[in-house]
1. Along the range 348-353, what does the Karplus equation 6.51 cos²θ - 1.76 cosθ + 1.60 (θ = phi - 60°) give for ³J(HN,Hα), rounded to whole Hz, x for Gly and Pro?
2. Of the heavy-atom accessible surface of the range 242-361 (probe 1.4 angstrom), what whole percent is carbon and sulfur?
3. The range 279-312: which trypsin sites (Lys or Arg not before Pro) are DSSP loop and have at most 16 other beta-carbon atoms within 10 angstrom?
4. Above 38 angstrom, tally the Cα pairs of the chain and express them as a % of all pairs, no decimals.
5. Using just the helices of the chain, give the 222 nm mean residue ellipticity in deg cm²/dmol: DSSP H runs with n ≥ 4 each add -39,500 (n - 2.57), and the total is spread over all residues, rounded to 500.
6. Summing +1 for each Lys or Arg and -1 for each Asp or Glu, what net charge is found among the other residues whose Cβ lies under 10 Å from the Cβ of Lys107?
7. Not counting the cut sites, what is the longest span of the chain without GluC sites (Glu not before Pro) that DSSP labels loop and that have at most 16 other Cβ atoms within 10 Å?
8. Over the chain, what is the relative contact order in whole percent, taking alpha-carbon pairs under 8 Å and six or more residues apart?
Amino acid sequence: MSSYLEWMLKVLKESIELAGLPQETYDYLSKPDRILMVKIPVKMDNGKLVVFEGYRVQHNDALGPYKGGIRFHPEVTLEEGIALAMGMTLKNSLAGIPYGGGKGAVKCDPKMLSLRELEQLSRGYVRAIASIIGPEQDIPAPDVNTNPQIMAWMVDEYSKLKGYNVPAVFTAKPPELWGNPARIYSTGFGTVIAAKAAAERWLDGFEGKTVALHGFGNVGQYAALWATRLGAKVISVSDITGTVYDPNGIDPELGMRVVKETGGIINYPKGNKLNDPEASLYAEADILIPAAIENSITERNANKVKARLIIEAANGPTTPEAEKILYSRKDFIAAVPDILANAGGVIASYLEWVENLQWWFWDEEETRQRLASIMEKNFKRTADLWEKLKDERSDRLVTMRDAAFVLALRRVYNAMKLRGWL
Ligand SMILES: NC(=O)c1ccc[n+]([C@@H]2O[C@H](COP(=O)([O-])OP(=O)(O)OC[C@H]3O[C@@H](n4cnc5c(N)ncnc54)[C@H](O)[C@@H]3O)[C@@H](O)[C@H]2O)c1
């Protein structure tokens, strides 16, 4: 079994116990509702036929239609897809949006495909899964190596099959084709809303607080931008090329331009530079936002982290062993878990879907305010429960991640119970 699925099942079991839910919750949620395995034949540019393989996993729809991304990657496995779909059920539940969890993938290396081949593959995948997706059934979105252009092809293919436009079947489409302009920065923005809420609750506000960012791609760049716009000071930024540190503050827009033009933050024209891509993890900052890759903070380096708050923008940046080390530090407050902190993307997708269903569009600022308000509510609910659980369970370490899983599971459980599934 893949280690990710093993980890997910272990977390599921432990969280069900912590939530005080019956064992049948585990029996139900440890398996997906449905898996559709598909083949996608594509005539390549050289005239040869290549048959790709893909799948769609639908994990649980107690709370609403299945929702989760589509990944194009040469190393995808079905077990990973099951674990990711399970994670989406919990993430969507915690986010308080009316969705279940799903995930899809095509085993391919998009770097080896021409634009025409990529389009054919995207359309072929939609034809293959069309019978089980739909605005009220299952609403996919982009994930690793898929993007708004691919969503545009997919929504077009699905609409052709139906014979009329169906914008709400995919989200994170280009703004020109029923997407929402806030979607592009929604994950980074949402992370900053979580950071602000945490700083207001446990530090004395967000304004003037120092922020270190590990990772400066889509999520990291917009997190830096919105952290600065909302009054914090970004003092350290790392990407794969190295680290820039400036106690006077790093200009996110300049950083974004530098990365676009030169490929790395190391070419930022001011501040101190270090070739070490990890240095931001250890910066003297109030808040650390890991926004790069999984397993960045492990038992190897957790004791070097100085920030009091970690806001997980990346998926799985802090290992369970590292969390134990961090939480044992006297001045450490919390690692706001990925499932809560990086939900801005799927919440923006939800808002786009609501717009599409009604053919009624909010402007960008209104969408952003709705997104912020949902993130704030989710943060508060999780933080309240965490503080309560800590008091109740003095026999064990209860992390904020534990509280997030308990909250997510209770909502799915209640829906299943009310529907008579359990
Ligand atoms: N894009 C989204 O909407 C979204 C939503 C939820 C979660 N996430 C998660 O957020 C993380 C970042 O996603 P993204 O879309 O910004 O990716 P991206 O590829 O745009 O950016 C990744 C950044 O991390 C840097 N990086 C990679 N390895 C590094 C290392 N070892 N040390 C330092 N920096 C390193 C890269 O240089 C780059 O700046 C991922 O874990 C992703 O799963 C993304």
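The values are calculated or read from the model by the stated rules, or taken from the named source; none is laboratory data. From a predicted model like this one, the values you see are computed outputs, not experimental measurements. Please note: Cβ atoms are built from the backbone with ideal geometry, for glycine as well, and neighbour counts cover all protein chains shown. Please note that ligands, DNA and RNA were not included when accessible areas were found on the heavy atoms of the full protein model with its side chains. Shrake-Rupley method; radii C 1.70, N 1.55, O 1.52, S 1.80 Å.
1. 5, 4, 4, 5, 4, 4
2. The nonpolar share, carbon plus sulfur, comes to 49 percent.
3. Answer by residue number: Arg300, Lys306.
4. 20
5. Helix contribution divided over all residues of the chain: -14500 deg cm²/dmol.
6. -2
7. It runs 300-422.
8. Reported as a whole number, the value is 15 percent.
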